[in-house]
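The block underneath contains the structure these notes are about, expressed in structure tokens.
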Amino acid sequence: PAQRAASAEVVVVGKVTAIEKEPIDAQPFPNAPNKVGYRVAVVKIETNLAGAANTTHVKIGFIPPAPNGPHAGGGIRPPIRRGSVVPELKEGQEMLFFLTKHPDGNFYVMPAMSPPIEVKGEQGKKDLEAVERITAAIADPMKGLQSEKASVRAETAAMLIMKYRAY
């Protein structure tokens, strides 16, 4: 979760309040030859951890799974490459989201390598605490880098490297 938080543009805890009825056609990546239909979830922000200051709601686009299951299209075996594992959002879900602005549409997306985390349960609370610590360190890096504890300085430096390193 810490690495996801360091690489995300927006990190929020929110609750899905609605799913828009009509999908939005947009390119799945820059310069893609075709557009795909994104379902858009409206999420009420409960806690802004990074990147969503003065915002109460955010739109999150996701590509819904195939109507006949993940391996639609027939055949005996599932395909070798299964594609992204980004979950389908449903109304009422409360999650910790790691978001990136979609390059073509007026919404955010959840990168395949950064799926959201359920905040309920013991593991969710531990993950949320770690993400809160990391986003605070990135927001005010000098505080962490000048800390008395070497572990805090090292963690802050590592998160800054993850955030700003070149791909």
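If only one of ASN34, ASN48 is out of contact with any strand residue (DSSP E or B) (no Cβ under 9 Å at 6 or more places or on another chain) and either open to solvent by 50 Å² or more (accessible area, probe 1.4 Å) or part of a strand (DSSP E or B) (or both), which one is it?
That would be ASN34, the only listed residue that is out of contact with any strand residue (DSSP E or B) (no Cβ under 9 Å at 6 or more places or on another chain) and either open to solvent by 50 Å² or more (accessible area, probe 1.4 Å) or part of a strand (DSSP E or B) (or both).
Pick out the one residue from LYS125, LYS90 that is in a loop (DSSP other than H, G, I, E, B) and open to solvent by 30 Å² or more (accessible area, probe 1.4 Å). If you could, list the steps in order and put the result at the bottom.
Numbers: LYS125 fails: in a loop (DSSP other than H, G, I, E, B).
Testing whether each residue is in a loop (DSSP other than H, G, I, E, B) and open to solvent by 30 Å² or more (accessible area, probe 1.4 Å) leaves just LYS90.
Which of the residues spanning segment 17-69 are of a type in the set (Asp, Glu) and over 15 Å from PHE107 (Cβ atoms)?
Here is the first cut: in segment 17-69, the residues of a type in the set (Asp, Glu) are 20, 22, 25, 46.
Answer for segment 17-69, where residues must be of a type in the set (Asp, Glu) and over 15 Å from PHE107 (Cβ atoms): just GLU46.
If you go through segment 128-157 one residue at a time, how many are touching a residue at least 60 places away in the same chain (Cβ under 8 Å), open to solvent by 60 Å² or more (accessible area, probe 1.4 Å) and of a type in the set (Gly, Ala, Ser)?
1
Can you name the residue in segment 137-167 that is over 20 Å from the mean Cα position of the chain (by Cα) and not in a helix (DSSP H, G or I) and is also nearest to GLU9 (Cα to Cα) among such residues?
ASP140
Which numbered condition trips up LEU160, out of (1) more than 29 Å from ILE63 (Cβ to Cβ); (2) without any contact (Cβ under 8 Å) to a residue 12 or more places away in the chain?
So the condition that LEU160 fails would be (2).
Please pick out the residue among VAL12, VAL42 that is touching a residue at least 40 places away in the same chain (Cβ under 8 Å) and either closer than 30 Å to ALA139 by Cβ or basic (Lys, Arg) (or both).
VAL12
Is there any pair linking a residue in segment 94-114 that is without any contact (Cβ under 8 Å) to a residue 12 or more places away in the chain and more than 19 Å from LYS15 (Cα to Cα) to one that is of a type in the set (Gly, Ala, Ser) and part of a strand (DSSP E or B), with Cβ under 8 Å and at least six apart or on different chains, and which?
Correct list of pairs: empty, since none qualify.
Return the pair list, or none, for Cβ contacts closer than 7 Å from residues in segment 50-74 that are within 24 Å of PRO103 (Cβ to Cβ) and acidic (Asp, Glu) to residues that are exposed (fewer than 11 other Cβ atoms within 10 Å of the Cβ) and modelled with pLDDT under 55, at least 6 apart or on different chains.
none
Given the residues VAL12, VAL40, which is the only one that is within 22 Å of ALA130 (Cβ to Cβ) and either buried (at least 18 other Cβ atoms within 10 Å of the Cβ) or modelled with pLDDT under 90 (or both)?
Unique residue meeting the criteria: VAL12.
The values are calculated or read from the model by the stated rules, or taken from the named source; none is laboratory data. Since this is a predicted model, take the numbers as computed values, not measurements. Neighbour counts are summed over all protein chains in view; Cβ atoms, including those assigned to glycine, are modelled from backbone coordinates with ideal geometry. Protein only, heavy atoms only, side chains kept; ligands, DNA and RNA dropped before computing areas. Shrake-Rupley method; radii C 1.70, N 1.55, O 1.52, S 1.80 Å.
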